[in-house]
Each structure stands twice: as structure tokens, then as C-alpha cells.
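Reviewing the structure listed below.
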Amino acid sequence: MPSYGFDYSLYRISGNDTAYNALITYVIPESPASEVGLKRGEWIMQINDDYITKKTEKLLTEGENQKLLLGKYVSAVNDEGEDESKIESYRDVVLPAARPVEDVAIPAYDVYSSGSINVGYLAYNSFNKEDNSELLQLSQFFKDKDITDMKCVKCGRDYVERPAIFSVLW
């Protein structure tokens, strides 16, 4: 199925009952979205110079080239100490036409160290029988790095839970 290769969550724009901003939650490597530099944490504020609505949301998932106005979250506090944080636009991109894209099961992994503590980080989309050899290799990688704790993060649109922390048993 054709896709632009990114997932998002919609958030209603304050003071507007029908308009939304879309927070990018995941970008598939080598997809149209990654080719134009979309990043997790960026906001899509408009598509084809119009606000995103429930009726136009489909334009974020399929179709031809789409012009996106991107924004970033900016924290601010006014002189009275009130929160004035907002999403500010900062660049336009033209998203190439949707096409079939294939996601990877494990898009990222790394080791973070602090003193004598080594934490393994693993971002995943899914686990299945085809991923067993990759998981075994990563298990050996983490074992060789003397990992004491493991943090696993589920990627994609259904990423709603907090990362789970597991003790690694070797």
C-alpha cells in the first residue's frame, strides 16, 4: 500500500474547533518523508496551504506531492510567569508522492553509559520469526557491552506507552 512513510498524532489547535496540528511520531527510513528530512518531534501545521481537518487528514497518508508547513515547539513564559509556549512555523517541504515503503523491524539501537551503568536502548516496530537472527545478534552485542539495564521503545503510530525498562539476564 502506498505511503509517505511517517506516523503522526493529531492535536487540536487551541481556539479552533476544526483545525489540527500533526505531531510526527515516526519516520520510516528511505521513505518519501525521510527523503525530505521529516523528523520525529516536528509538527505539520498545514498541508497544501490549508489547516489540517478531519476531512483533509487523509492527505497526510496517501496521494500525490503535498506541500507541508512544518513547525517546532517553542517554550516561552511571559513577564507575568504565564506559559506562552507555542508551535512556530519554520520551513516548508514538498513531500513526494506516496509509494510502497517497507519498514525495518529494529530502526535504532545504542548503548548509553554513565559511570558503571550501561543501558541498552532498542527501538522496535515489531518482532516476528524473521527477526530472530537480528535479535540474537543484538543480544550478543548488548552482552558484549556489559549492559546492566535495557530500555525498549515501541515505534510507530501506536506508540502511546512509556518505554519499558527491563533487567537484562544473561
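The values are calculated or read from the model by the stated rules, or taken from the named source; none is laboratory data. Source: prediction; values computed, not measured. We place every Cβ from the backbone using ideal geometry, glycine too, and count neighbours over all the protein chains shown. Heads up: the accessible areas ignore ligands, DNA and RNA and are worked out on the full protein's heavy atoms, side chains in. Shrake-Rupley method; radii C 1.70, N 1.55, O 1.52, S 1.80 Å.
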>> Restricting to the range 99-124, name every residue that is within 30 Å of residue 65 (Cβ to Cβ) and in contact with an Asp or Glu (Cβ under 8 Å, 6 or more places away or on another chain).
In response: 101, 105
> Of the residues 89, 116, which is over 27 Å from residue 4 (Cα atoms), polar (S, T, N, Q) and either modelled with pLDDT of 75 or more or in contact with a Cys (Cβ under 8 Å, 6 or more places away or on another chain) (or both)?
Replying inline: 116
> Limited to the range 69-107, what total is found for residues that are under 30 Å from residue 122 (Cβ atoms), loosely packed, with under 11 Cβ neighbours inside 10 Å and not acidic (Asp, Glu)?
Replying inline: 2
> Restricted to the range 116-134, and to residues that are assigned to a helix (DSSP H, G or I) and touching a residue at least 12 places away in the same chain (Cβ under 8 Å), which residue is farthest from residue 29 (Cα to Cα)?
Replying inline: 130
>> Based on this model, can you work out whether residue 16 counts as open to solvent by 30 Å² or more (accessible area, probe 1.4 Å), modelled with pLDDT under 95 and polar (S, T, N, Q)?
In response: yes
>> Take residue 103 and tell me if it is acidic (Asp, Glu), touching a residue at least 24 places away in the same chain (Cβ under 8 Å) and not in a loop (DSSP other than H, G, I, E, B).
In response: no
>> Anything in the range 22-42 that is in a strand (DSSP E or B) and either farther than 21 Å from residue 107 by Cβ or among the polar types (S, T, N, Q) (or both)? List them, or say none.
In response: 25
> When only residues in the range 47-68 that are assigned to a strand (DSSP E or B) and open to solvent by 40 Å² or more (accessible area, probe 1.4 Å) count, which is nearest to residue 91 (Cα to Cα)?
Replying inline: 67
